[in-house]
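Data block below; observations after.
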Amino acid sequence: MTLTPNNSGWIEVICGSMFSGKTEELIRRIRRAEIAKMNTIIFKPQIDDRYSSSHVVSHNQSKLASKLVKNSQEILDESSKMDVIGIDEAQFFDDDIVKVCQSLANDNKRVVVAGLDTDYLGKPFGPVPALMCEADYLDKLTAICMQCGNPASYSQRLTQDSEQVVIGETDIYEARCRNCFEAPKK
Ligand code: ZN
């Protein structure tokens, strides 16, 4: 992204499977905004308490301070003085997150949202598909298939749980390509 809008906000969406580097990319963008002396903040939903409650942490242990929020409205309430707003794990937010991001961008803010585009069934996950439609800039990242080494777009759950949300890491999930992904039977 070499050209960015003047006198306007915008929405960037970073999506992809688990282990595709979404959080790492979110952290990289927010760090660069900090270096540029912008006011930045990162939010994440309260549901996700892995690693650290007050930080966003990528799989390679890169981390930045973040604020836990219970719902998307809280993001709006906490962002008035910010120039750049990061949101991690967007798939766990309520559907109003789309309106919240629109509202922030309309208020001349830069919004950087990271989230899983598909769940363990390979189906659209929460509000992320709608956010992808609203994005001015969209990056879909791939992981590496842990079976064959191809680029991977799916998050394979290794347990039999059938809840949509099961928090875990390499103990429960692995990245898989289209050929190696096995959609769980309902
Ligand atoms: Zn594969």
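What pairs can you find where one residue is in the range 169-186 and under 17 Å from Leu141 (Cα atoms) and in a loop (DSSP other than H, G, I, E, B), the other is within 14 Å of the ligand (Cβ to nearest atom) and of a type in the set (A, V, I, L, M), and their Cβ atoms are less than 6 Å apart, with a gap of 6+ or different chains? Correct list of pairs: Cys177/Ala152.
Residue count for the range 5-19 under the criterion of being over 10 Å from Ala114 (Cβ atoms) and either within 18 Å of the chain's Cα centre (by Cα) or free of Cβ contacts under 8 Å to residues at least 12 places away in the same chain (or both): the result is 6.
Could you tell me whether Lys81 is at positive phi and part of a loop (DSSP other than H, G, I, E, B)? No, not satisfied.
For the range 44-79, the set of residues classified as of a type in the set (Ser, Thr, Tyr) and modelled with pLDDT under 95 consists of Tyr51, Ser52, Ser53, Ser54, Ser58, Ser62, Ser66, listed by residue number.
Among all positions in the range 85-104, there is no residue which is within 16 Å of the ligand (Cβ to nearest atom) and either β-branched (Val, Ile, Thr) or crowded, with 16+ Cβ neighbours inside 10 Å (or both). Considering the range 138-186, the residues that are within 14 Å of the ligand (Cβ to nearest atom) and among the charged types (D, E, K, R) include one that is farthest from Trp10 (Cα to Cα), namely Glu182.
Could you tell me which numbered condition Leu121 fails, if it satisfies all but one of (1) in a strand (DSSP E or B); (2) closer than 30 Å to Gln160 by Cα? Result: Leu121 fails condition (1) only.
Scanning the range 168-185 for residues that are surrounded by 13 or more Cβ atoms within 10 Å (Cβ to Cβ) and within 17 Å of Gly16 (Cα to Cα) returns Gly168, Tyr173, Glu174, Ala175, Arg176, Cys177, Cys180, Phe181.
Here's the yes/no breakdown for (1) in a loop (DSSP other than H, G, I, E, B); (2) modelled with pLDDT under 95; (3) under 19 Å from Lys63 (Cβ atoms):
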{"residue": "Met1", "(1), (2), (3)": "yes, yes, no"}
{"residue": "Pro5", "(1), (2), (3)": "yes, yes, no"}
{"residue": "Val13", "(1), (2), (3)": "no, no, no"}
{"residue": "Glu25", "(1), (2), (3)": "no, no, yes"}
{"residue": "Arg29", "(1), (2), (3)": "no, no, yes"}
{"residue": "Lys37", "(1), (2), (3)": "yes, no, no"}
{"residue": "Ile41", "(1), (2), (3)": "no, no, yes"}
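The values are calculated or read from the model by the stated rules, or taken from the named source; none is laboratory data. The structure presented is a predicted model; accordingly, all values stated were derived computationally and were not measured. No Cβ is skipped: glycine too gets one built from the backbone with ideal geometry, and neighbour counts run over all protein chains shown.
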